[in-house]
Structures are given as structure tokens and as C-alpha cells.
1. If you check Tyr160 against the conditions, is it without any contact (Cβ under 8 Å) to a residue 40 or more places away in the chain, aromatic (Phe, Trp, Tyr) and farther than 30 Å from Lys191 by Cα?
2. Can you confirm whether Ala96 is within 15 Å of the chain's Cα centre (by Cα), on the phi < 0 side of the Ramachandran plot, surrounded by 15 or more Cβ atoms within 10 Å (Cβ to Cβ) and at pLDDT 90 or above?
3. Which one of the conditions (1) modelled with pLDDT under 50; (2) over 24 Å from Gly149 (Cα atoms); (3) open to solvent by 90 Å² or more (accessible area, probe 1.4 Å) does Asn42 fail to meet, given that it meets all the rest?
4. If we scan region 182-193, do we find a residue that is among the charged types (D, E, K, R), surrounded by fewer than 17 Cβ atoms within 10 Å (Cβ to Cβ) and either modelled with pLDDT under 90 or within 26 Å of Glu75 (Cβ to Cβ) (or both)?
5. Give region 160-178 a look and list any residue that's within 13 Å of Glu54 (Cα to Cα) and either modelled with pLDDT of 95 or more or in contact with an Asp or Glu (Cβ under 9 Å, 6 or more places away or on another chain) (or both), or say none.
6. Taking only region 174-193 into account, find how many residues are part of a loop (DSSP other than H, G, I, E, B) and basic (Lys, Arg).
7. Working only within region 50-107, note down all residues that are assigned to a helix (DSSP H, G or I) and among the acidic types (Asp, Glu).
8. Could you list, ordered by first residue, the pairs with Cβ atoms under 6 Å in which the first is in region 86-112 and farther than 13 Å from Thr152 by Cα and the second is part of a helix (DSSP H, G or I), at least 6 apart or interchain?
Amino acid sequence: MNDIVQTRSKRSTRVALTTMISLSGGIMLSACGEGDAMPTANASQSVTSAADGETVDVYENVFECSRKSGKTREECGEMRKDAVDRAKVEAPRFAAIQDCEAEYGAGQCMESGKAESGHSRHFSPFIVAWFSSSRRTANIPLFKSGTSGFQTANGTRLGYAGAPGKYFSSNRAVERPKTVPKVKPASKLAKAGGFGPNAKSWHLRDRIGGGGRSARYSLGG
């Protein structure tokens with residue numbers, strides 16, 4: 001009789017241990033990602049973003065454009081010219097170069113408007129790259145944003161798409177302004193000659209490493 005009781009007790013112990021191992025094993029597999037996949041917030045955000053824009057190739061020069069797109073340098077040159085022409089119309093405009101550089105960085109702005117011919121004298125950021133939008137069938141000019149980013153004329157920054165030269169452009173990034181941007185009045189700091197010891201005037205040659213013809217822009221009139 002005692003032998004039967006002991007046998008049943010051993011069997012019950014083995015069943016309990018087996019059940020515990022199975023349960024713990026299932027928990028471990030789930031923790032290691034071998035169980036059913038749970039939807040993440042990132043996945044949901046990606047779907048939302050994809051519906052609000054497109055992934056684009058950004059070109060910083062015609063050589064890069066030709067290599068990535070398979071187009072000729074002449075074709076890429078036309079694309080860049082189109083982007084430059086758009087920048088002349090769509091780029092932000094500042095009455096003071098100090099204010100422009102405060103937003104886009106030192107050496108990133110140039111005089112793009114003259115006082116004569118009925119146009120107000122103003123400064124705009126350099127176009128540093130462009131991309132082609134399939135949604136607007138246009139070559140969109142890009143300007144510097146931060147240390148290594150890009151932004152469009154309306155200030156919309158492109159998002160990095162996970163590969164060199166690949167960026168995410170939202171629908172807002174390719175929106176065309178309804179009117180020509182107004183010239184932003186000079187700030188009090190710019191009027192007072194702020195933003196550094198050489199704020200009153202500067203040499204373009206100094207800003208581009210000493211190469212090329214010297215071009216002097218003076219804010220004194």
C-alpha cells in the first residue's frame with residue numbers, strides 16, 4: 001500500500017514540475033520575441049507617416065544626382081536650375097543678413113534682392129540641395145537645417161529615412177507658397193550691429209574658405 005502511495009506521489013510531483021517548466025518556457029519565449037508579435041507604437045507611426053508624404057532622394061550636386069538617378073549630368077543640371085529658380089521665388093527673405101544667418105548658419109546667406117528696379121533689398125539662404133517630388137512633379141529647393149539636416153522654403157524639415165541620401169518628405173514640405181514671401185524686418189539686435197564683431201559687413205571669400213572672387217556685402221546701405 002505504501003508503495004502505491006509513494007508511486008502516485010512521485011507521479012504528481014513530475015506532473016507539477018512539467019507544468020511549471022512549460023509555463024516558464026512559454027514566458028521566456030515570449031520575452032525573447034518567439035511568441036506572437038505585438039504591434040508597436042513605432043509601427044503605427046510609420047504607417048501614419050507613409051500616408052502623409054513620400055521617401056525621396058536628396059541631391060547636393062549634379063554628380064550625385066547623375067549617380068543616384070541614372071540621369072545625365074545635363075538632365076541633373078536642368079533639375080538643379082529648376083530648383084534654384086524656385087528658390088529665388090520661394091526662399092525666405094530677410095532685411096538683415098545677421099537675422100538670416102542666425103536661422104540658417106554663418107555663411108549660408110547671400111544678398112538676393114536689390115533696392116533698384118522696384119525690388120526691396122534683402123538676403124536669402126543659399127540652396128544647398130534639392131529633391132524631386134512625385135506628388136508635386138517639381139524640383140524642390142532645400143536649405144540648411146541644423147548641422148546636417150535639410151529644410152524646405154516654408155521651414156519644414158526632412159526626416160532621415162534610414163539610408164544615405166534618403167529622406168522622408170511630408171506633404172507640407174512640398175506645399176507651394178500662395179504669395180511671394182515678405183521681407184522680414186531687421187531685428188533690434190541686427191540693427192544694433194549684433195551677432196558678432198563682423199556683423200556690419202563681411203567677405204563672401206572669407207566665408208567659403210578663401211577661394212573665388214571676393215564679394216563684399218555691407219549692411220550700411
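The values are calculated or read from the model by the stated rules, or taken from the named source; none is laboratory data. Please read all numbers here as calculations on a predicted model, not as lab measurements. Note: ideal-geometry Cβ built from the backbone for every residue, glycine included; neighbour counts use all protein chains shown. Remember, those area values only see protein heavy atoms, side chains included, never the ligands or the DNA or RNA. Shrake-Rupley method; radii C 1.70, N 1.55, O 1.52, S 1.80 Å.
1. So Tyr160 passes the test.
2. Taking the combined requirement at face value, the residue does not satisfy it.
3. For Asn42, the exception is condition (2).
4. yes
5. Residues satisfying the conditions are Lys166, Tyr167, Phe168, Ser169, Ser170, Asn171, Arg172, Val174.
6. The qualifying residues number 3.
7. Of everything in region 50-107, those that are assigned to a helix (DSSP H, G or I) and among the acidic types (Asp, Glu) turn out to be Glu64, Glu74, Glu75, Glu78, Asp82, Asp85, Glu90, Asp99, Glu101, Glu103.
8. Sorted first by the residue in region 86-112, then by its partner, the pairs are Phe94/Cys100; Ala96/Ala190; Gln98/Ala190; Asp99/Ala190; Gly107/Arg207; Cys109/Ile97; Cys109/Cys100; Cys109/Glu101.
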